[in-house]
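The structure appears below as structure tokens.
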Amino acid sequence: MSRSRKKTPITGITTAVTEKKNKLEANRKLRRLNRIKIHKGDYDLFQIREISNVWGFDKDGKRYLKDPDRKDLMK
């Protein structure tokens, strides 16, 4: 596995390594608000897009690399 590489040269536009913290916070907020709605007897639950804004996360999408070098393709 030390020589494994990506097959498709697509990478994130970011300086952040991961969005894990953003996703954890968004899902905790969603579960908390849905739990409150259920306790009130309202079963029309929120969707994740109604609660969090993905444009506020650390990564800003992906891009295609035209001429990737070996370093860009390493996993």
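Each value in this text was obtained by applying a stated rule to the coordinates, not by laboratory testing. Quick caveat, the model's predicted, so the values are computed rather than measured. We place every Cβ from the backbone using ideal geometry, glycine too, and count neighbours over all the protein chains shown.
For this structure, a couple of remarks:
- Seen against the Cα atoms of the chain and their longest principal axis, helix 20-40 is set at about 20 degrees.
- In the calculated pair-distance distribution of the chain, the portion above 21 angstrom amounts to 50 percent of the Cα-Cα pairs.
- Within the listed set Gly12, Gly61, Gly41, the residue fluctuating most in the Gaussian network model of the chain (springs between alpha-carbon atoms under 10 angstrom) is Gly41.
- With a Förster radius of 22 Å applied to the C-beta separation of Leu73 and Thr14, the computed FRET efficiency comes to 0.80.
- Modelled this way, with points 7 Å down the Cα-to-C-beta line, the labels at Ser4 and Leu33 are 3.6 nm from one another.
- Straight-distance crosslink candidates among aspartates and glutamates, where the alpha carbon sits under 15 Å from Lys62 and sequence neighbours closer than 8 are dropped: Glu19, Asp72
- In the chain, the DSSP-assigned H stretches of four residues or longer account for a calculated mean residue ellipticity at 222 nm of -11000 deg cm²/dmol, using -39500 (n - 2.57) per stretch and the full residue count as denominator.
- Order of Thr14, Thr8 - criterion: other Cβ atoms within 10 Å of each residue's Cβ, fewest first: Thr8, Thr14
- Selected from Ile38, Ile48, Ile13 as most flexible by GNM, with the chain as the system and alpha-carbon contacts under 10 Å: Ile38
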